[in-house]
Amino acid sequence: MADDPARDLARLRTQASKLRDAMASGILTVEGADGTGRVTYRSYAEMRLALGDLNQQINALDAQVGGGIPRRRTRQVVMTGRSGW
């Protein structure tokens, strides 16, 4: 990684975004975040593992850059509404 953690964080987020886009489209080949090359995965499960690893690196770097306050992820969102009619 480079000397600038904020730049590394932006690069990792770009890489995760490209991986998510490839997973949504079903393509197993992903271009590198900075144009350095391509990564070809064998399966969707391998892509999910790679995305999990990227998310761990992003969270660790984000905690380092953001002053040690880790982000919380929500697993479920429940919306309720009431109609006035």
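The values are calculated or read from the model by the stated rules, or taken from the named source; none is laboratory data. Model, not experiment: these values are computed from the prediction. Glycine gets a Cβ as well: all are built from the backbone with ideal geometry, and neighbour counts include every protein chain shown. Side chains included, ligands, DNA and RNA excluded: accessible areas come from the protein's heavy atoms. Shrake-Rupley method; radii C 1.70, N 1.55, O 1.52, S 1.80 Å.
For the reader, a short list of remarks on this structure follows.
- Scope segment 28-53; condition closer than 20 Å to ARG11 by Cβ, modelled with pLDDT of 90 or more and among the charged types (D, E, K, R); matching residues: ASP53
- All positions within segment 3-27 that are among the acidic types (Asp, Glu) and assigned to a loop (DSSP other than H, G, I, E, B): ASP3, ASP4
- Count of segment 54-73 residues, restricted to those that are open to solvent by 100 Å² or more (accessible area, probe 1.4 Å) and at pLDDT below 85, is 5.
- Filtered by the rule that a residue be open to solvent by 90 Å² or more (accessible area, probe 1.4 Å) and either in a helix (DSSP H, G or I) or closer than 25 Å to ARG72 by Cα (or both), segment 28-53 gives TYR44, ARG48, LEU49.
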